[in-house]
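Data first, discussion second: the structure below is written as structure tokens.
The values are calculated or read from the model by the stated rules, or taken from the named source; none is laboratory data. On a predicted model such as this, the values are computed, not experimentally measured, just so you know. Note that we place each Cβ from the backbone using ideal geometry, even for glycine, and neighbour counts take in every protein chain shown. Protein only, heavy atoms only, side chains kept; ligands, DNA and RNA dropped before computing areas. Shrake-Rupley method; radii C 1.70, N 1.55, O 1.52, S 1.80 Å.
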Amino acid sequence: MRRRIFGTAATTVVLGLLVPLSGCGGSEYGAGESGTLRLVAAEYGDTPATSSEAFWSKVTSEFTAAHPGIKVEVELLPWADIDSEVSRMVKAGNAPDMALIGSYSDFAAQDKLYAAHEILPVSAEANFLQPLAEAGSVRSTLYGLPFVASSRLLFYNEALFDKAGIKAPKTWNELKAAAKALKSTGVKYPYALPLGPEEAHAEAMIWELSNGGGYADNSGNYSLASARNVQTWNWVKQHLVAPGLTGPTPPSKLNRADAFAAFLRGEVGMLNGYPSLYHEARAKGIGVGSVAMPVSDTLRSEEAPPAVGVADWMMAFKQNGHREEIGAFLNFVYKDKNLMDFAGRYHLLPSTVSASRALAGSEGMDQTDTEFLNALRSAQLYPVNDPSWMAVSDTIKRNIGRAVEPGGDPKAVLEDIADRAVEVSANH
């Protein structure tokens, strides 16, 4: 039995855990014998009890029972390592048959992946939610199959809001006024602004979209230093950070996990969150309100921005030539009952129209779950279909926090990030 090491976050849950499933023995990095598929998947659980192993064991066993000639083995890796580990496997010529990770476009650019139409029937390909399908496509061809997703909403601690006598904000100025009221009642983090390197690109995109900006223009080209983005960070620095409305930890040092932990301790008035945090807070007895991200007071009503959506991607590698077997397995995995099962385990959202409709009609959905699902249907995702996105997002994560530091110049910081994006794009 292999030793399993679980940490406190999904990015550190399993270290080198190999899970042979469906009665299949493990093979190092090859595809194994004919009729055996290998899937490398991220571990979504944060304890042994919540490990993704239970889901994959169930699904692969049921699949093999229905397709006796095909076995599947699943290797679970932590989020912190999986993208680089799969890249290493591919570079070494030992690609898995399938991978469930955070990005796909670099492999698509290298012509390493099957397109969706090569492995799925037309009805299955057409079943993906439109924003997710668009983000999973390169030059109108779907390569990254969205698996599960989430959208972002602004959460607020209802008890702290009641104590301060305030209501949920709809505009930036209302958010600033709410933060001031929360600070006056002693709230440690009136608005938690996690611009640390863990996931600063998410918080940054939320703010930029709420002012009509974002990472890319209508043509799909990077617009990282646009006038609206510069305006956004000047406002955040001047109206939230400088007056001390973002808490004692400088935003550039505050990671998402730390902000979420503070929210669960009742120390945060407002922050942007996703479904799993909402349910975890509710389980701890914290009353959580949720609204769309407040918008800039200069944004016209017809410019109502989309929510930020995030998806994880299933992809199928060509190397081992198991196109038909991969197609059979993925068709099985993407059945509504399986997709809803996985999404439900981790309070995420399924990626298909049919599973989303089934979820919307289920008894387990509350109002906030419905809000997340509705937001996802029109959400804007990261430009993951650009092969340079991994490097560009890393640049954003490590630098955007400087824009709101006391001596920081938002325009200069954004221009530095944009220049780096140009350099990275030129190498892809």
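Measuring between alpha carbons in the structure, the pairs from Lys91/Lys397; Lys112/Lys237; Lys167/Lys284 lying more than 32 angstrom apart are Lys112/Lys237. Between helix 323-333 and the chain there is an angle of about 50 degrees, using the helix long axis and the longest principal axis of the Cα atoms.
Give the angle, between 0 and 90 degrees and rounded to the nearest 10, that separates the Cα long axis of helix 53-66 from the longest principal axis of the Cα atoms of the chain. It works out to around 40 degrees.
For the chain, modelled as a GNM whose springs connect Cα atoms under 10 angstrom apart, the maximal fluctuation among Gly196, Gly407, Gly102 occurs at Gly407.
Shown is the FRET efficiency for Ala358 and Ala54, computed with R0 = 35 Å from the Cβ-Cβ distance and rounded to the nearest 0.05: 0.95. Taking the inverse of the mean reciprocal distance over all distinct Cα pairs, the Kirkwood hydrodynamic radius of the chain comes to 22.4 Å. Note on the chain: dipole from Cβ charges, positive end direction compared against Pro146, Pro194, Thr47; the farthest Cα belongs to Pro194. Taken along the Cα-to-beta-carbon direction at a fixed 7 Å, the label points for Ser378 and Thr141 span 3.3 nm. Taken about its Cα centre, the stretch 128-214 carries a charge dipole of roughly 340 debye when the Cβ of each Lys and Arg holds +1 and the Cβ of each Asp and Glu holds -1. Local charge for Leu376 was computed over the other residues whose Cβ lies under 12 Å away, with Lys and Arg +1 and Asp and Glu -1, and equals 0.
Does anything in the stretch 124-154 have its amide N under 19 Å from the 7 Å Cα→Cβ label point of Lys188, and if so which residues? No residues fall inside that zone.
Translational diffusion coefficient, Stokes-Einstein: compute it for the stretch 50-98 using the Kirkwood radius over C-alpha pairs as Rh, at 25 °C and 0.890 mPa s, and state it as an integer in µm² s⁻¹. Answer, rounded: 197 µm²/s. The angle between the Cα long axis of helix 79-91 and the main principal axis of the chain comes to about 50°, on a 0 to 90 degree scale. Listed by chain and number, the aspartates and glutamates whose alpha-carbon sits under 17 Å from that of Lys58, ignoring those within fewer than 8 places in the same chain, are Glu43, Glu73, Glu75, Asp336, Asp341. Here each label is just a point 7 Å from Cα along the line to Cβ, and for Ala80 and Asp162 those points are 3.9 nm apart. Rounded to the nearest 20 debye, the dipole size of the stretch 150-309 about its Cα centre is 460 debye, using +1 on the Cβ of Lys and Arg and -1 on the Cβ of Asp and Glu.
Cross-link partners of Lys188 among lysines, defined as those whose alpha carbon lies under 17 angstrom from its own and excluding same-chain residues fewer than eight positions apart: Lys163, Lys176, Lys180, Lys253. Summarising the strand pairing of the chain, around 65 percent of its internal DSSP beta bridges are antiparallel.
For Val122 and Asp341, the FRET efficiency from 1/(1 + (r/R0)^6), where r spans their Cβ atoms and R0 equals 22 Å, is about 0.35. For Leu39, neighbours were defined as the other residues whose beta-carbon sits under 11 Å from its Cβ, and their charges (Lys and Arg +1, Asp and Glu -1) total -2.
Residue ranking by accessible heavy-atom surface, 1.4 Å probe, largest first, among Trp172, Trp79, Trp235 comes out as Trp79, Trp235, Trp172.
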